[in-house]
Amino acid sequence: MKSRTLSVKAGIESDQQFGAVIPPIYLSSNYTFEDLGKPRCHDYTRSGNPTRDLLGKALGELEGGKDAVVTSSGMGAVTLLCHLLCPGDLLFAPHDCYGGTHRLFTHLSKKGNFKVLFEDQTKNNILKKIQSKRPKILWIETPSNPLLRIVDIEELSKAAHCVGTIVVVDNTFLSPILQKPLELGADLVLHSTTKFINGHSDVVGGAVIGKDQELVNQIFWWANCLGLTGSPFDSFLTLRGVRTLAPRISEHQKNTCEIINFLKTHPLVKKIHYPGLSNHPGYEVAKKQQKGFGSLLSIEVFGGLKKVREFLSKLRLFSLAESLGGVESLIAHPETMTHAGMEEKARREAGITEGLLRISVGIEDPCDLIEDLKQALDCALESPQPLESLEQCEVFNQI
């Protein structure tokens, strides 16, 4: 089945007791044993739960993996994968990864849990560096957060596998509707299901999907051991969100295209970071490995923090909030919000400046969103400044 069908049919008609079309929530924390020494399929919800199992099965099918471990948050999923590492092992991560991920890797490394190396994975020498450093895990984030940098998953995976490295791809920004890293060579895929997978900004969750059952079993073991598994009710809500994933992604992308076509003409906008623009450095790679360019973009505005404040204060439809991927449009200031946990030097090396804003485009009417952006940008603009022209936004293979 196609991804759109798989997402809609997730868990449908799985109830064996009453034939319910939508599966029930199993909220019980524990389950009886058939007899002494004879546990049933589930014994304790931290270890396994029928509702959470359905979500894991759906995510596994969507990503083309063997199985999925559902966690209580996206950072819970990141933490879980850190337990595949031992002291002395090297984690090779992108220098511009999500701020919470960067913070966790940095501080666990300082405690001696493992070694970490942050590098710009778009550099020409990255393949040689992977093979010379021989990391235990290669961590990939493409598109990256918040500058939407793109790396070639297939190319990096081949180089990593030559030296026995496990390849992990954070696929939160695109979802399995637009990108399937396991098909491109990755071993594990990670999601903050809080974002597009759920899509309604009312659940916090995460997931790890793998194509090797033995590796997935190790992750299941650690999830149970550490108590990082997701709750039944959160799993139920997330499964409900999965069923509308494909049409939501389609609307997100259509709106994003229209918004970018407006933003590139406004004199306060200094730069747009979006891989769907043909002058973006990762445009060709994104077109090759993605089914669309997504609905996340970042802009840099002239005037630094002063203009950022003026612009944000006038917005009515874009909520100033962290997170992304919900039906509502959001805007964030990475310097003081999503990436505030990074040291200033690390932020600057990643290209995160005080004039950078990350936009998560929702599914509202695009005319309303553009009008809101226009009036806020106009209010913040003191005097027009010429910009280099950007080429037209192109969104390929829309759903």
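For every residue, the table says whether it meets (1) of a type outside the set (A, V, I, L, M, F, W, C); (2) over 16 Å from residue 338 (Cβ atoms).
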position: 95; (1), (2): yes, no
position: 98; (1), (2): yes, no
position: 112; (1), (2): yes, yes
position: 121; (1), (2): yes, yes
position: 126; (1), (2): no, yes
position: 131; (1), (2): yes, yes
position: 134; (1), (2): yes, yes
position: 139; (1), (2): no, yes
In this structure, does residue 167 turn out to be touching a Ser or Thr at 6+ places or on another chain (Cβ under 7 Å), at negative phi and either part of a strand (DSSP E or B) or crowded, with 24+ Cβ neighbours inside 10 Å (or both)? yes
For the range 121-162, the count of residues that are buried (at least 16 other Cβ atoms within 10 Å of the Cβ) and assigned to a loop (DSSP other than H, G, I, E, B) equals 15
Condition met for residue 195 (out of contact with any helix residue (DSSP H, G or I) (no Cβ under 8 Å at 6 or more places or on another chain), assigned by TED's automatic domain parsing to the domain that holds residue 216 and of a type outside the set (Asp, Glu)): no
Is it true that some residue in the range 131-150 is of a type in the set (A, V, I, L, M, F, W, C), over 22 Å from the mean Cα position of the chain (by Cα) and farther than 24 Å from residue 287 by Cα? no
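Let's see how each residue does on (1) at pLDDT below 95; (2) under 21 Å from residue 183 (Cβ atoms):
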{"residue": "39", "(1), (2)": "yes, no"}
{"residue": "50", "(1), (2)": "no, no"}
{"residue": "53", "(1), (2)": "no, no"}
{"residue": "57", "(1), (2)": "no, yes"}
{"residue": "61", "(1), (2)": "no, yes"}
{"residue": "75", "(1), (2)": "no, no"}
{"residue": "84", "(1), (2)": "no, no"}
{"residue": "93", "(1), (2)": "no, no"}
Expected output for the range 54-78 (first residue under 17 Å from residue 203 (Cα atoms), partner modelled with pLDDT of 95 or more and of a type in the set (Lys, Arg), Cβ below 8 Å, 6+ apart or cross-chain) is 70/52; 74/195
Those residues of the range 204-256 which are under 21 Å from residue 360 (Cβ atoms), outside any helix (DSSP H, G or I) and either in contact with a strand residue (DSSP E or B) (Cβ under 9 Å, 6 or more places away or on another chain) or free of Cβ contacts under 8 Å to residues at least 12 places away in the same chain (or both) amount to 205, 206, 207
Among residues of the range 67-119 being in a loop (DSSP other than H, G, I, E, B) and in contact with a helix residue (DSSP H, G or I) (Cβ under 6 Å, 6 or more places away or on another chain), the residue surrounded by the most Cβ atoms within 10 Å (Cβ to Cβ) is 96
Practice item. Determine whether residue 267 is surrounded by fewer than 23 Cβ atoms within 10 Å (Cβ to Cβ), outside any strand (DSSP E or B) and touching a Leu at 6+ places or on another chain (Cβ under 7 Å). Key: yes
The condition of being surrounded by 17 or more Cβ atoms within 10 Å (Cβ to Cβ) and modelled with pLDDT of 95 or more holds, among 45, 32, only for 45
For the range 283-308, pairs from a residue that is at positive phi to a residue that is modelled with pLDDT of 95 or more and in a strand (DSSP E or B), with Cβ under 6 Å and 6 or more apart or across chains, are none
Scanning the range 24-64 residue by residue, those part of a strand (DSSP E or B) and out of contact with any strand residue (DSSP E or B) (no Cβ under 7 Å at 6 or more places or on another chain) turn out to be 35, 38
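The values are calculated or read from the model by the stated rules, or taken from the named source; none is laboratory data. Note that the structure is a prediction, hence the values are computed from the model and not measured. Using ideal geometry, Cβ is built from the backbone for each residue, glycine included, and neighbour counts are taken over all protein chains shown.
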